[in-house]
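To start, the structure under review is shown below, and the notes come after it.
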Amino acid sequence: MLAVVAAALGGPEVLQVTELPEPEAKPGQVVVRIRAVCVHPADLAATTGQIPGGPVQPPFSPGWDIAGEVVSAGPGTTEFGVGDRVVGMIPWYLTRGAPGGYAEMVAADTDWLVRLPDELDFVSAATVPLNAQTAHQGLSLISPAGGSILVTGASGGVGGFATRLALRAGFHVVAQASQDDENWVRGLGAHQVIPRTVDLAAAGPVAAVFDAVPLGEAAAAAVEDGGVVVTTRPTPPIDPARGVRQQVQLIRLDRELLTDLVGQVASGQLSTRVAATMPLTEAADAHRRVLAGGLRGKLVLTAG
């Protein structure tokens, strides 16, 4: 099979297409023929060594979110059968690229996967696991639910899901959109949409901030004293005198939650969008496109 590996730490140029033996499923695993794998900022961070826990020593394969079909099952594994459509999240924080999703096939623990409804295509499905779970889990850190919330990066994967989920949780949502992308964010239902150029302090005070970008101090300026700020990676500490609770949302795989979120996307209750697809073999160019910015939606690699 073909796989993409980081042969060294560095930029997109370190990604190489290589031929590897097809994986074999162990007990509790299935081999998935990958049809789509999402490109995340976390993949770019891995190749440059800028990830929690320290750099992973090459060679390794990036890739968290996969969608595809089961082609074989390990001894005694009965939960999925050959031909089943699945979507899932490789817990890269545990596998550290062995395996990663940038491959034509992967041996995946069944606990990483859920069934893919017929109503949802592989490419769209591959944008869901990491982004939607991060959004849901981050919002759960804000208690009580309700009140006003600012969501930064609402045009992006995590921010888009967070906007929609916050609305359904009863928040009054102020959503920050990327330049010229306000209409899509309004379509998510946000009560107020503000452009990226606005001073966020003027958008507050709000009871909570979900800083999906994250912007750090600029976003924290919008939260009221005694409020809550949730970020997707560590940001500078806020003046303790303000009494603001800071929380960092680190993804954890929750299979029951993932099943629910995938079902909501399939039924149209939650929205996702794909900016473009590229062949797996063009992963290096895909990373260059993500680095260049300006994408409206996720970039997805396709195989098979």
Between 0 and 90°, nearest 10: helix 129-139 axis offset from the chain longest Cα axis: 30
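Taking square-rooted eigenvalues a ≥ b ≥ c of the alpha carbon gyration tensor, is the range 1-147 rounded, prolate or oblate, where a/c under 1.5 means rounded and, failing that, a/b exceeding b/c means prolate? Let's see the in-between values first.
Details: a/c = 1.78, a/b = 1.03, b/c = 1.73.
It is oblate, given that a/c is not under 1.5 and a/b is not larger than b/c.
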Report the Cα centroid-to-centroid distance between the range 238-273 and the range 120-137 in angstrom, as an integer. 11
Quick query: amide H of Thr77 versus all other amide H atoms, modeled in the peptide plane; which residues come in under 5 Å with a sequence gap of 5 or more or a different chain? Gly28
Please report the antiparallel percentage of the DSSP beta bridges confined to the chain, to the nearest 5. 55
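Show that you can apply the helix-only estimate: for the chain, add -39,500 (n - 2.57) for every DSSP H stretch of four or more residues, divide by all residues, and state [θ] at 222 nm to the nearest 500.
On the way: 9 runs with 71 residues, N = 304.
Mean residue ellipticity at 222 nm (helix-derived): -6000 deg cm²/dmol.
Where does each of Trp184, Trp112 land when they are ordered by accessible area, with a 1.4 Å probe and the largest first? Don't skip to the answer; put the middle values down first.
Numbers: Trp184 70, Trp112 30 Å².
Largest accessible area first, the list is Trp184, Trp112.
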Spin-label pair Ser143/Glu217, simplified geometry with 7 Å Cα→Cβ offset, distance in nm: 3.2
Between the alpha carbon centres of the range 157-228 and the range 58-78 the gap in Å comes to 36
Between 0 and 90 degrees, rounded to the nearest ten: what's the tilt of helix 283-292 against the longest Cα principal axis of the chain? 10
Crossing angle, helix 157-168 versus the chain [Cα axis fit, 0-90 degrees, rounded to tens]: 60
From the backbone phi of the range 59-64, what are the Karplus-calculated ³J(HN,Hα) couplings (6.51 cos²θ - 1.76 cosθ + 1.60, θ = phi - 60°) in whole Hz, Gly and Pro given as x? x, 8, 10, x, x, 9
The range 164-259: C-alpha gyration tensor shape, a/c 1.5 cut-off, then a/b vs b/c: oblate
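Given a 1.4 angstrom probe, I'd like the percentage of the accessible area of the range 1-97 that is carbon and sulfur, rounded to a whole number. It would help to have the intermediate numbers written out before the result.
Numbers: 2240 of 4100 Å².
Taking all protein chains in place, the range 1-97 shows 55 percent carbon and sulfur surface.
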Evaluate the relative contact order of the range 183-240 (contact order divided by residue number), counting alpha-carbon pairs under 8 angstrom at least 6 apart; express in whole percent. 30
Roll a 1.4 Å probe over the protein chains and send me the accessible area per residue for the chain in Å². 42
Search the structure for amide H atoms under 5 Å from the amide H of Met105, placed 1.01 Å from N in the peptide plane, and list their residues when 5 or more places away or on another chain. Ile34
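The values are calculated or read from the model by the stated rules, or taken from the named source; none is laboratory data. Remember, it's a predicted structure, so these values are computed and weren't measured experimentally. Quick reminder, even Gly has a Cβ in these numbers, built from the backbone with ideal geometry, and neighbours come from all protein chains shown. All accessible areas refer to the heavy atoms of the entire protein, side chains included, with ligands and DNA or RNA removed. Shrake-Rupley method; radii C 1.70, N 1.55, O 1.52, S 1.80 Å.
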